[in-house]
1. May I ask you to sort 13, 100 by Cβ crowding, counting other Cβ atoms within 10 Å and putting the fewest first?
2. Read phi for every residue in the range 24-35 and hand back ³J(HN,Hα) as whole Hz from Karplus 6.51 cos²θ - 1.76 cosθ + 1.60, θ = phi - 60°, with x for Gly and Pro.
3. Just grab the label-to-label distance for residue 66 and residue 54, each label 7 Å out from Cα along the Cβ direction, in nm (one decimal).
4. Report the gain in length on full extension from residue 28 to residue 45: 0.36 nm times residue separation, minus Cα-Cα distance, nm rounded to one decimal.
5. Under the Karplus relation 6.51 cos²θ - 1.76 cosθ + 1.60, θ = phi - 60°, what is the ordered set of whole-Hz ³J(HN,Hα) values for the range 48-56, x standing for Gly and Pro?
6. When 97, 11 are ordered from fewest to most other Cβ atoms inside 10 Å of their Cβ, what list results?
7. Looking at this model, which pairs from 14/65; 77/104; 14/114; 14/49 are more than 22 angstrom apart at the alpha-carbon?
8. Can you order the peptides 1-7, 39-45 by their average number of other Cβ atoms within 10 Å per residue, highest first?
Amino acid sequence: MYTYSEQLYSDFHKDAYGFRPQANDPFYTATPERKQVLWDLVAEQFEYKQNEEKLEDARSVAQFKDWVDSMIRNGAKDEETALRWIVEGRDFRNEMDVEHFVWKQGILFTDYGKQVCRTLCNML
């Protein structure tokens, strides 16, 4: 039994490598057995990339939390005050501005980043 999908290969390749396969990619002319091998290689790369992204997210969250903690050590009474100090002087006109700021910190798609977005949006 094969698990590959000819219809999804291009999308899966893009998710794994960051770009779509070229028209002359060996997958398109391979035997079903070889397609499965190539699919499995893409799956390994996809899993590796997912793990790398999780590590990067964790590093970004830790770095941002360190920033918040430094504000608290410097006198902010709580995390909300620390966040207010961090964004002081920024011109947030709407939620998209807040999301852009949180995205630039590398934490937008994390649970903590979503929490920061909610907190900052409530300050608008």
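Taken together, the values in this text are just the output of simple stated rules run on the coordinates, not laboratory data. Computed from a prediction, not measured in an experiment: that's the story for all the values here. Because the Cβ atoms are built from the backbone with ideal geometry, glycine has one as well, and the counts that use them run over all protein chains shown.
1. Fewest to most other Cβ atoms nearby, the residues stand as 100, 13.
2. Residue by residue, the range 24-35 yields 8, 4, x, 4, 5, 10, 7, 6, x, 5, 5, 4 Hz.
3. Here the answer is 2.3 nm between the modelled labels.
4. 4.3 nm
5. Per residue, the Karplus-derived 3J(HN,Hα) values read 4, 5, 4, 5, 4, 5, 5, 5, 5 Hz.
6. 11, 97
7. The pairs that break the limit, which is 22 Å between Cα atoms, are 14/65; 77/104; 14/114.
8. 39-45, 1-7
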